[in-house]
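The values are calculated or read from the model by the stated rules, or taken from the named source; none is laboratory data. Small disclaimer: the values here were computed from a predicted structure and weren't measured. With ideal geometry, Cβ positions are generated from the backbone for all residues, glycine too; neighbour counts draw on all protein chains shown.
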Amino acid sequence: MHPTTSPNYSINSKKYAPTCIDLFCGAGGLTLGFCQAGGIPVAAVDCDHQFITTYRQMFPICQEASCNDIEKWHPSSAIDQVDVIIGGPPCQGFSLARGLRFVDDPRNQLYKHFIRLVDHFQPPWIVMENVQGITNIGGGVVLQQIYEDFRKIGYELDCKVINMADYGVPQSRKRAIFVGNRLGISFKWPDANHASSKKVLSSKRTNQLSLIELNKPYISVFDALSDLPWPMGNYFSHRANSQMRGPRNRNIYTDPAFTLRIRGDEFAICEFPADGAFSPGPVPEVEFCYRLTSNPFQELMREAPPQWIQNFKKAPVVNRPIEKLIGTRRLSVREQARLQSFPDWFEFSGNPYAQGKQIGNAVPPFFAKQLFSAIFAHLNKPKERQSFIRKSSKTVLYQQSVSSV
């Protein structure tokens with residue numbers, strides 16, 4: 001799949017579109033990738049009111065977006081069949097404190113409810129996201145327990161630690177991605193399509209044609225943001241915290257961003273490398289407009305919204321040189337969203353901190369789109385669908401109703 005293929009919001013298509021339930025949905029990063037690959041969300045749940053407010057505004061086609069604790073949530077009886085259950089259950093309880101198996105930690109009730117709902121719906125496929133550390137806690141004991149829990153309810157899982165930058169996201173963000181199915185299928189992960197500039201150059205020197213053909217250099221911070229109206233510096237800096245001896249810096253012209261967290265003020269665009277404790281300057285006040293695009297990623301971020309987003313007004317384009325930053329500044333919300341691969345039509349509710357939290361907690365939609373496209377390739381095979389999926393009349397009627405949106 002070409003990394004800049006346009007999204008496929010195919011709710012008007014006559015063919016059956018895959019459906020999903022998003023558990024611990026947040027603002028909907030996974031759901032957006034699901035929609036961009038051609039699917040439809042039918043239900044979602046999260047306990048954070050601000051997250052659900054954003055989700056409802058961005059996915060009005062979803063039958064049920066509930067603000068509720070997962071323990072108290074019972075999906076509508078109208079939802080009786082889905083193709084994929086997706087989500088990222090919180091990971092605080094994935095530990096081996098006091099020698100106990102991680103499933104005995106009361107904080108893992110959230111994970112257990114993910115298992116419960118998968119067992120209830122028995123979707124053909126599941127996708128679960130978590131921090132990369134989950135793969136080696138206790139020397140791999142936790143990972144094996146997760147495999148065992150899903151195997152008991154009929155699913156074989158495959159887990160891979162993914163660096164999102166390898167899939168065209170302008171951010172070095174590693175996450176453990178679990179893909180499982182009850183079809184007896186060996187899942188083929190989508191091929192990575194980007195690599196570090198050093199690795200790409202090395203492959204050219206050694207004439208490794210497969211790497212040259214498949215991989216482009218990582219999308220840099222400058223690649224991702226330079227068509228936006230804010231002044232640009234030379235470095236992307238991460239403020240030091242208790243685990244770090246000092247700040248970290250990356251060249252915005254060659255490197256992707258560090259992993260975004262829920263506090264946007266941890267990061268700054270700087271004129272010079274940060275060399276001590278620093279407090280980023282404010283985001284300059286500018287009238288939002290676009291500069292001319294310079295690469296396919298910027299064009300992708302300016303995609304037209306799906307039909308269910310009403311009254312979207314695209315910003316004007318001006319042929320204006322990039323203003324050079326003096327000092328430091330925080331990232332704007334739109335820049336944070338860009339680095340997480342949210343398109344510009346996607347808006348977040350709440351104050352800047354709440355919006356940054358929604359962005360930092362999300363799975364990058366651009367990676368999710370590539371992942372779900374690989375899963376949909378299996379769902380579109382007639383024999384597999386006939387053997388394991390019984391399309392309910394309620395789901396078909398729902399899809400017919402949204403086709404007129």
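For region 309-330, name all the residues that are part of a loop (DSSP other than H, G, I, E, B) and either polar (S, T, N, Q) or in contact with a Pro (Cβ under 7 Å, 6 or more places away or on another chain) (or both).
If the condition is that a residue be part of a loop (DSSP other than H, G, I, E, B) and either polar (S, T, N, Q) or in contact with a Pro (Cβ under 7 Å, 6 or more places away or on another chain) (or both), then GLN310, ASN311, PHE312, ASN319, GLU323, LEU325, ARG330 are the ones that fit.
Could you check region 152-203 and list, in sequence order, the residues that are over 30 Å from ARG250 (Cβ atoms) and of a type in the set (Asp, Glu)?
Passing the criteria: GLU156, ASP158.
Being aliphatic (A, V, I, L, M) and under 17 Å from PRO89 (Cα atoms) narrows it down to one of VAL169, VAL179, so name that one.
Answer to the selection: VAL179.
Would you confirm whether any residue within region 335-346 is outside any helix (DSSP H, G or I), touching a Gly at 6+ places or on another chain (Cβ under 6 Å) and buried (at least 22 other Cβ atoms within 10 Å of the Cβ)?
Looking through region 335-346, none of the residues is outside any helix (DSSP H, G or I), touching a Gly at 6+ places or on another chain (Cβ under 6 Å) and buried (at least 22 other Cβ atoms within 10 Å of the Cβ).
Go through (1) in contact with a strand residue (DSSP E or B) (Cβ under 7 Å, 6 or more places away or on another chain); (2) assigned to a helix (DSSP H, G or I); (3) of a type outside the set (S, T, N, Q) one by one and return the number of the condition VAL142 breaks.
Only one criterion is unmet by VAL142, namely (1).
Matching residues to (1) hydrophobic (A, V, I, L, M, F, W, C); (2) touching a Phe, Trp or Tyr at 6+ places or on another chain (Cβ under 7 Å):
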position: TYR290; (1), (2): no, no
position: PRO306; (1), (2): no, yes
position: GLN310; (1), (2): no, no
position: VAL317; (1), (2): yes, yes
position: PRO321; (1), (2): no, no
position: ARG334; (1), (2): no, no
position: PHE346; (1), (2): yes, no
position: GLY350; (1), (2): no, no
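Could you list, in sequence order, all residues of region 33-59 that are more than 18 Å from GLY350 (Cβ to Cβ) and either in contact with a helix residue (DSSP H, G or I) (Cβ under 9 Å, 6 or more places away or on another chain) or surrounded by fewer than 24 Cβ atoms within 10 Å (Cβ to Cβ) (or both)?
Selection gives GLY33, PHE34, CYS35, GLN36, ALA37, GLY38, GLY39, ILE40, PRO41, VAL42, VAL45.
Select from region 281-316 the residues that are in contact (Cβ under 8 Å) with a residue 24 or more places away in the chain and either of a type in the set (Val, Ile, Thr) or at positive phi (or both) and write down the one among them that is surrounded by the fewest Cβ atoms within 10 Å (Cβ to Cβ).
The qualifying residue surrounded by the fewest Cβ atoms within 10 Å (Cβ to Cβ) is VAL286.
Among the numbered criteria (1) among the small types (Gly, Ala, Ser); (2) touching a residue at least 24 places away in the same chain (Cβ under 8 Å); (3) touching a helix residue (DSSP H, G or I) at 6+ places or on another chain (Cβ under 9 Å), which single criterion is violated by SER66?
(2)
Within region 164-192, track down each residue that is surrounded by fewer than 21 Cβ atoms within 10 Å (Cβ to Cβ) and part of a loop (DSSP other than H, G, I, E, B).
Across region 164-192, the qualifying residues are SER172, ARG182, LEU183, GLY184, ILE185, SER186, PHE187, LYS188, TRP189, PRO190, ASP191, ALA192.
Yes/no per residue for (1) touching a Phe, Trp or Tyr at 6+ places or on another chain (Cβ under 9 Å); (2) within 20 Å of GLY360 (Cβ to Cβ); (3) crowded, with 20+ Cβ neighbours inside 10 Å; (4) modelled with pLDDT under 95:
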{"residue": "ILE162", "(1), (2), (3), (4)": "yes, yes, yes, no"}
{"residue": "SER197", "(1), (2), (3), (4)": "yes, no, no, yes"}
{"residue": "LEU201", "(1), (2), (3), (4)": "no, no, no, yes"}
{"residue": "SER210", "(1), (2), (3), (4)": "no, no, no, yes"}
{"residue": "PRO217", "(1), (2), (3), (4)": "no, no, no, yes"}
{"residue": "TRP230", "(1), (2), (3), (4)": "no, yes, yes, no"}
{"residue": "GLY246", "(1), (2), (3), (4)": "no, no, no, yes"}
{"residue": "ASN251", "(1), (2), (3), (4)": "yes, no, no, no"}
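Considering only region 286-308, how many residues are part of a loop (DSSP other than H, G, I, E, B) and among the aromatic types (Phe, Trp, Tyr)?
Summing the residues that are part of a loop (DSSP other than H, G, I, E, B) and among the aromatic types (Phe, Trp, Tyr) in region 286-308 gives 2.
Kindly indicate the residue of region 347-369 that is surrounded by fewer than 24 Cβ atoms within 10 Å (Cβ to Cβ) and under 22 Å from CYS20 (Cα atoms) and also modelled with the highest pLDDT among those meeting that condition.
Looking at residues that are surrounded by fewer than 24 Cβ atoms within 10 Å (Cβ to Cβ) and under 22 Å from CYS20 (Cα atoms), I get GLU347.
Does region 317-371 hold any residues that are of a type in the set (Gly, Ala, Ser) and in contact with a Leu (Cβ under 9 Å, 6 or more places away or on another chain), and which are they?
SER332, SER341, GLY356, GLY360, ALA362, ALA368
Could you list, ordered by first residue, the pairs with Cβ atoms under 7 Å in which the first is in region 346-362 and among the hydroxyl-bearing types (Ser, Thr, Tyr) and the second is part of a helix (DSSP H, G or I) and surrounded by fewer than 24 Cβ atoms within 10 Å (Cβ to Cβ), at least 6 apart or interchain?
Short answer, once both residue conditions are applied: SER349/GLN50; SER349/THR53; SER349/GLN57.
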